[in-house]
1. Being touching a helix residue (DSSP H, G or I) at 6+ places or on another chain (Cβ under 8 Å) and either surrounded by 16 or more Cβ atoms within 10 Å (Cβ to Cβ) or part of a strand (DSSP E or B) (or both) narrows it down to one residue among ILE80, ILE46, ILE26, ILE96; which is it?
2. Say whether the condition of being within 16 Å of ASP212 (Cβ to Cβ), touching a strand residue (DSSP E or B) at 6+ places or on another chain (Cβ under 9 Å), surrounded by 14 or more Cβ atoms within 10 Å (Cβ to Cβ) and of a type outside the set (Val, Ile, Thr) is met by at least one residue in segment 156-167.
3. May I ask you to say which residue of GLU51, GLU21 is within 21 Å of VAL133 (Cα to Cα), open to solvent by 80 Å² or more (accessible area, probe 1.4 Å) and modelled with pLDDT of 95 or more?
4. Against the definition (surrounded by fewer than 18 Cβ atoms within 10 Å (Cβ to Cβ), without any contact (Cβ under 8 Å) to a residue 12 or more places away in the chain and outside any strand (DSSP E or B)), how does GLU235 come out, yes or no?
5. Could you give every pair whose Cβ atoms fall below 6 Å, whose first residue belongs to segment 175-192 and is in a strand (DSSP E or B), and whose second residue is acidic (Asp, Glu), counting only separations of at least 6 or pairs across chains?
6. For segment 204-218, does any single residue satisfy the condition of being open to solvent by less than 30 Å² (accessible area, probe 1.4 Å) and farther than 19 Å from ALA91 by Cα?
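The values are calculated or read from the model by the stated rules, or taken from the named source; none is laboratory data. Only a predicted model underlies this, so the values are computations on that prediction, with no experimental measurement involved. Reconstructed Cβ throughout: ideal geometry from the backbone, glycine too, with neighbour counts over all protein chains shown. What goes into the accessible areas is simple: the full protein's heavy atoms, side chains included, and nothing from ligands, DNA or RNA. Shrake-Rupley method; radii C 1.70, N 1.55, O 1.52, S 1.80 Å.
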Amino acid sequence: MAATLPPPRLLPSGDSAVTVEFSRTIDDDANQRVLALDKALAASPIEGITETVPTYRSLLVHYDPGKIGFDALGEKLLPIAIQPPPPVTKARRWRIPVAYGGEHGIDLEDVARALNTTPDDIVARHAGGDYKVAMIGFTPGWSYLSGLDKSLHMSRRQSPRLLTPAGTISIGGVQAGIQCLAAPSGWHLLGRTPVRTYQLHRNPTFLTEPGDRVTFFAIDHKAFEELDRAAEAGEIIAEQVLA
C-alpha cells in the first residue's frame, strides 16, 4: 500500500465553504495534490458539495450546509486528500503565439536591463519554457503558469498599472501568466497573444484548464494582427499539440 502524505489544513471559509490547504507557498507538489483532489471529487462526488475551485496550493470546496456540515465534510475530504496523487497522465498541450516587445511588450527592454541581458535573450528564455497551468483566476481566463525559468524570476513592479491590454503575456515573481481580458496588473509585460483563453460565446468558453501544458512561440506584429482578427471571429488559434 502506498504511503499516505501529510494531511492538509482544513480552514473554514465562511459558513458554506472549506479551504483544503496543502501548502502556504507556491509549490508544484502541492499544486499536483490540489488538482488530484479536484479530479477525485469530480469523479466521485460527495453529497452536499456544490463547487470546487483549485488554486496553486489549496482547493476551495463550496458546500450546502443544509446537506452536510463542516466537520462531516472534513471527515470525508481528509482520507482522499492524504492519498498520493496518481501518476500524471497525458496533459493537453497548447502552443501559443506571442508578439514580444514594442507596443505589445512595453516592459521587455526594462526586464532585459534589470537582468543584465538583451531583449532577444529574454524572449528566448521565455519562449523556451515548458509551463503548466496551475490555476485560473483573478479575471475570466487569467491563466497562472508555473515553470518560469529561474533566471526570469524578478519582483513585481513597484507601481502596478491600473489597466493593461487583453492578451498580455507577463511575468511576476516566480510566475508567468496569460491575461485574457484588459485588467490592472503589477507584472512585467513581455508581449501579447491574440489567443483568447476566454471568449463568452465560443465553444469552449474557456480554452485552458488547470493541468494543461503551455509553450510559447514568437510571431511578428503583422501576424499578430491577422491572428487577432481570426480569434475575434471565434477561431481557436492556439495550436493543440498531440502527444
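1. That would be ILE46, the only listed residue that is touching a helix residue (DSSP H, G or I) at 6+ places or on another chain (Cβ under 8 Å) and either surrounded by 16 or more Cβ atoms within 10 Å (Cβ to Cβ) or part of a strand (DSSP E or B) (or both).
2. Narrowing segment 156-167 to residues within 16 Å of ASP212 (Cβ to Cβ): none.
No, every residue in segment 156-167 fails to be within 16 Å of ASP212 (Cβ to Cβ), touching a strand residue (DSSP E or B) at 6+ places or on another chain (Cβ under 9 Å), surrounded by 14 or more Cβ atoms within 10 Å (Cβ to Cβ) and of a type outside the set (Val, Ile, Thr).
3. Residue meeting the stated conditions: GLU51.
4. Details: surrounded by fewer than 18 Cβ atoms within 10 Å (Cβ to Cβ): yes; without any contact (Cβ under 8 Å) to a residue 12 or more places away in the chain: yes; outside any strand (DSSP E or B): yes.
Here the answer is yes, as GLU235 does meet what is asked.
5. HIS188/ASP107; LEU189/ASP107
6. Checked against the condition, which is being open to solvent by less than 30 Å² (accessible area, probe 1.4 Å) and farther than 19 Å from ALA91 by Cα, segment 204-218 yields no hits at all.
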